[in-house]
Amino acid sequence: MAILVRSSPAALARWRPLLTAAMPERDFRFWPELGDPADIDMALVWQPEPGLLAGLANLRLIVCLGAGVDGILADPTFPRHLPVVRLVDPYMTDAMSEYVVFQVLRLHRQDLDYLAQQRAGEWHERAQKNACERPVGILGFGTMGQDAGGKLKALGFDVAGWSRTAKEVPGFATYAGADGLDAILARSEIVVSLLPLTRETTGLLDARAFARLPRGAAIVNAGRGRSLVEPDLLAALESGQISAAVLDVFHTEPLPSDQPFWRHPRVVVTPHIAAETHPATALRIVTETFRCFEAGLPLPNRVDPERGY
Ligand code: NDP
Ligand code: OXD
């Protein structure tokens with residue numbers, strides 16, 4: 001049997017030598033060189049086109065080459081009976097935490113304002129708090145959220161986390177569910193979203209949510225673009241309810257050239273690079289997933305398609 005590897009051409013160029021060297025006995029089919037679809041029993045995929053997985057009659061396992069599986073589950077034809085495993089790689093988690101810490105610090109230290117002052121040749125000081133006086137709320141307090149939260153806390157930030165299920169995480173105020181969302185928003189001067197995209201999180205960051213924040217709060221979205229209602233964010237920036245936004249993920253990626261975020265003075269745009277898949281470290285995780293699957297062992301990081309993550 002064979003393993004389909006489907007990702008962007010650039011990612012495939014990185015994966016190909018690693019996979020073939022690590023598992024020379026395996027028959028890898030690198031997209032678009034599929035061969036006979038009936039040969040394929042396992043698939044390593046990132047954002048496969050709708051219908052691709054459903055067309056593989058002998059498929060038994062789907063491994064996502066990223067942490068978020070929305071690109072797989074969104075396909076209405078995706079074979080829901082098959083196990084789906086997502087990538088949980090500490091290297092990626094570290095990368096996400098670096099991104100979050102960097103962006104929270106620049107918001108906290110008013111970097112956008114000082115850059116604007118520099119461009120205008122203006123020398124004046126702005127009132128500045130210390131991190132312990134800056135409440136940060138992390139929406140999506142899972143693998144990445146808790147790691148980033150710990151690193152922000154080490155810098156002194158007053159961090160709280162919001163998740164779907166109630167949990168106790170020593171050292172953090174935690175919130176869950178709809179009431180918990182209002183409560184965490186009400187206390188957060190900087191909100192970081194690391195939510196997966198699911199039915200419940202789609203459009204969650206909308207005008208209503210922005211209105212719950214303290215006036216002038218800032219937002220970092222590195223979860224998924226469709227969790228945030230982009231026109232509502234533009235309106236909240238316009239009114240001053242939101243003072244700044246750092247966005248790594250968008251409704252449409254790449255971000256269209258006429259999208260106002262590109263040129264908005266209070267928005268930082270990054271091209272979905274907060275935590276990229278790192279084949280050199282992910283390889284061991286993928287190999288271990290195959291081993292568990294073939295040995296009939298429980299699969300680590302298995303996704304629940306009903307839950308959506
Ligand atoms: P996890 O599954 O470990 O954590 C997800 C968290 O979100 C959990 O705490 C979960 O709650 C919470 N959550 C899910 N649904 C809801 C809901 N309806 N209400 C409240 N909380 C909810 O995922 P990771 O931390 O590994 O990754 C998070 C996401 O980050 C990925 O799904 C992906 O979208 C994004 N990502 C972005 C990258 C980038 O480069 N921009 C790179 C990698 C990931 P509970 O704990 O109760 O289950
Ligand atoms: C991921 C991502 O989910 O890169 O891994 O967004």
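The values are calculated or read from the model by the stated rules, or taken from the named source; none is laboratory data. Here the structure is a predicted model, which is why all the values come from computation and not from measurement. Every residue, glycine among them, receives a Cβ derived from its backbone with ideal geometry; neighbour counts consider all protein chains shown. Heads up: the accessible areas ignore ligands, DNA and RNA and are worked out on the full protein's heavy atoms, side chains in. Shrake-Rupley method; radii C 1.70, N 1.55, O 1.52, S 1.80 Å.
What to note about this one:
- Solvent exposure, largest accessible area first (probe 1.4 Å, DNA, RNA and ligands not counted), of C132, C64: C132, C64
- Under the convention that each Lys and Arg Cβ holds +1 and each Asp and Glu Cβ holds -1, the size of the dipole of the chain around its Cα centre is about 440 debye.
- Relative contact order, percent, region 1-160 [alpha-carbon distance under 8 Å, six or more residues apart]: 16
- Estimated from the Cβ-Cβ distance and a Förster radius of 35 angstrom, the FRET efficiency linking K129 and D75 is about 0.15.
- Anisotropy class of region 184-309 from Cα gyration tensor, a/c 1.5 cut: prolate
- Cβ-derived FRET efficiency at R0 22 Å, K167 paired with W262, nearest 0.05: 0.05
- R291/Q118 FRET efficiency (R0 51 Å; Cβ-Cβ; nearest 0.05): 0.40
- Cα point-scatterer Debye curve for region 53-142, base-10 log of I(q)/I(0) at q = 0.20, 0.24 Å⁻¹: -1.02, -1.20
- Label-to-label distance, E25 versus R187, with points set 7 angstrom from Cα along the beta-carbon direction: 5.4 nm.
- Karplus-derived 3J(HN,Hα) values for region 237-246, using 6.51 cos²θ - 1.76 cosθ + 1.60 with θ = phi - 60°, are 5, 4, 7, x, 4, 10, 8, 6, 9, 10 Hz; glycine and proline are entered as x.
- Computed from Cα atoms, the angle from the helix 90-108 axis to the main principal axis of the chain rounds to 20 degrees.
- Taking the inverse of the mean 1/r over every pair of distinct Cα atoms in the chain gives a Kirkwood hydrodynamic radius of 20.8 Å.
- Seen from A2, the other residues with C-beta closer than 10 Å to its C-beta sum to a net charge of -2, counting Lys and Arg as +1 and Asp and Glu as -1.
- Placing +1 on the Cβ of every Lys and Arg and -1 on the Cβ of every Asp and Glu, with nothing else charged, gives region 57-211 a dipole about its Cα centre of roughly 240 debye.
- Length gained when the stretch E49-H278 is fully extended (0.36 nm per residue, less Cα-Cα span): 80.2 nm
- Hits among aspartates and glutamates - C-alpha to C-alpha of K153 under 19 Å, sequence gap 8 or more where chains match: D94, E98, E133, E168, E189
- Length gained on full extension, A57 to E33, computed as 0.36 nm times the residue gap minus the Cα-Cα distance: 6.9 nm.
- Altogether, the Stokes-Einstein calculation at 37 °C and 0.692 mPa s, with the Kirkwood radius of region 25-183 over Cα pairs as Rh, returns a diffusion coefficient of 170 µm²/s.
- Charge dipole (the chain, unit charges on Cβ, about Cα centre) - positive-most of H81, A222, M42: A222
- Net +/- balance of residues flanking P260 in space, Cβ distance below 15 Å, scoring K and R +1, D and E -1: -2
- Accessible area of S257 (1.4 Å probe, protein heavy atoms only, ligands and nucleic acids ignored): about 90 Å².
- Surface exposure of region 38-105, expressed per residue as accessible area with a 1.4 Å probe, stands at 36 Å².
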